[in-house]
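In what follows, a single structure is set out as structure tokens and then discussed.
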Amino acid sequence: MTTVANVPASTWSPLRIGVFRVLWLAVLGSQVGTWMQMVGAQWLLVDQPGAAVLVALVQTAGTLPVVLLALPAGVLADSLDRRRLLIWVQLFMLAVGVLLTGLTIAGQMTPALLLALTFALGCGTAMTNPTYQAMIPELVPRAQLPSAAALGSISVNLARAVGPAVAGVLIAHTGVAAVFGINAATFLGFAVVLFLWRRHPTPDDALPEPFLAALRAGGRYVRHSPALRRFLLRVELFILPAVALWALLPLVASQRLHMGAGGYGLLLAALGTGAVLGAAVLPRLRAALSDNAMLWGGSLVYAVALAVVSVVRVPAVAVLALVPAGLAWMAVLSNINAGLQLFLPHWVRARGLGAYQGAFFGGQAVGALAWGLLAVRFGLVPALLAAAAVTAAGAATVRFWPLIETRHLNREPARPWPQPQLTVEPERFAGPIVVEVTYIVAPGNEPEFLASADALRRTRMRTGAVQWGLFRAGEVAGEMVEVYVVPTWDEHLRQHTGRLTGSDEEIDLRVQALSERPPTVVHLLPADVSR
């Protein structure tokens, strides 16, 4: 019998939360405006010499900043007040949008200037995405994060379907400048919503990390977190072949199905419909299947749909095949995104999401270019069939490189260490700091102690250490000395006051329990620290 507790939360549950609902609608409006702007920019260039290259460069100018600035954007989002950062970014994008509109109305928009301003808007998008996603856990309960991630995927797919269609109608009746103006208005609307929201400050807001130190800390976290690296690998293995459908769908519509612009819009609408249907069934699927089963099944469904679309010549069949493709796209990517949201601790969440954003958009850019070149060289159908085969092969790799199970991990902040009691007070950025932790381990506990050492090492390295070692004292039987180096006193204090999670604490306590007496800790400071 199914109890109320076992019934999964609806995908739409987060929308019952007023703040999340308003912000989600504001983001959706901004995403629709972004797609409208992209179509308008491409339309301005269709009559220019070398139009094919210029039109392609619009997409590059819009997405390249997202790849280049992904991790720095995450650093700023983790170091500054996220609400204020988003407000300033929206005001910057508003200024760029107004400039685009004004120059277009005046007839002064050149291709180079258009690409430059599109690049500037891409920089704003690069700052917005990880910052907004990192705020979501502040807006909804942890149990609703998967639903919030699904709603994020819905907004992306709706914007992709609605934005170009609305832009086409506006361009036909009023011109490109109106499209640019509406896009600018969406930035203003998002900024107003953020201004009216009163965000509660978090402990991390009190003392932000210096930019370079925070950037290095984010890189260390990615490098020493096997679960995060596996999330990034899985999104790349899916997105690199799967993006072929999005990249080549216009050619499918025109060359294979002989449909015009309206037909292409219908195909996009089918993908969007599948994504919405996927959102409706995702909670049940997530409750019944593991993350890896979702990844495997969604990838196979997408591969089959891609193969069908590549060979059919009947538009109705292609539309029907794109609905499960949209559902599978939603299932795979929202599941990975939700898992990442649940896994990342608060102090590094935006940096981790920035790394995900870089992998996602970078994979899209590289994959779209590669499949486009293959289509030119070997033909449209062979390229799409090859993409379907690679997508299916990627599903098979789930057996060898599965997502690491993280649902059971305690990701809440923990403070298991007492504040250091020193005879001198180091400057905040004094360093390097060497920490020695001495354990007395009985012979019978030594194998388990050594087996736990690697998990302990990863904990230290993820949260701030740059070097780590475990040594045996030659003069004292059973004495084990853990030594690790932290760049600055500030970074070590952050280990004490927020970087550790509940799962890190469990590892620490498990190692301490194997010591016959409580471990002793010594902090070695630079000799001239008193200066």
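The values are calculated or read from the model by the stated rules, or taken from the named source; none is laboratory data. None of the values given here were measured: they were computed from a predicted structure. Glycine also receives a Cβ, built like all others from the backbone with ideal geometry; neighbour counts cover every protein chain displayed.
The table for this structure:
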quantity	calculated
Residue in segment 362-376 that is of a type outside the set (A, V, I, L, M, F, W, C), assigned to a helix (DSSP H, G or I) and crowded, with 24+ Cβ neighbours inside 10 Å present	no
Filter result for ARG313 (buried (at least 20 other Cβ atoms within 10 Å of the Cβ) and either modelled with pLDDT under 90 or among the hydrophobic types (A, V, I, L, M, F, W, C) (or both))	no
Count - residues of segment 225-268 that are among the small types (Gly, Ala, Ser), within 25 Å of GLN357 (Cβ to Cβ) and in a helix (DSSP H, G or I)	4
Checklist (1) part of a loop (DSSP other than H, G, I, E, B); (2) surrounded by fewer than 17 Cβ atoms within 10 Å (Cβ to Cβ) applied to GLY431, failing item	(2)
Of all residues making up segment 342-355, the number that are more than 20 Å from THR497 (Cβ to Cβ) and surrounded by fewer than 24 Cβ atoms within 10 Å (Cβ to Cβ)	2
Segment 510-531: number of residues that are among the hydrophobic types (A, V, I, L, M, F, W, C), out of contact with any strand residue (DSSP E or B) (no Cβ under 7 Å at 6 or more places or on another chain) and closer than 27 Å to THR423 by Cα	2
Residue satisfying all of: in segment 494-531; free of Cβ contacts under 8 Å to residues at least 60 places away in the same chain and in a helix (DSSP H, G or I); surrounded by the fewest Cβ atoms within 10 Å (Cβ to Cβ) among these	ALA513
Set GLU436, GLU425, GLU405: member being of a type in the set (D, E, K, R) and in a strand (DSSP E or B)	GLU436
Test: residue in segment 75-95 that is over 19 Å from THR60 (Cβ atoms), among the acidic types (Asp, Glu), within 15 Å of the chain's Cα centre (by Cα) and not assigned by TED's automatic domain parsing to the domain that holds GLY274	yes
Any hit, segment 442-459, residues being in a strand (DSSP E or B) and either at pLDDT 95 or above or under 32 Å from the mean Cα position of the chain (by Cα) (or both)	no
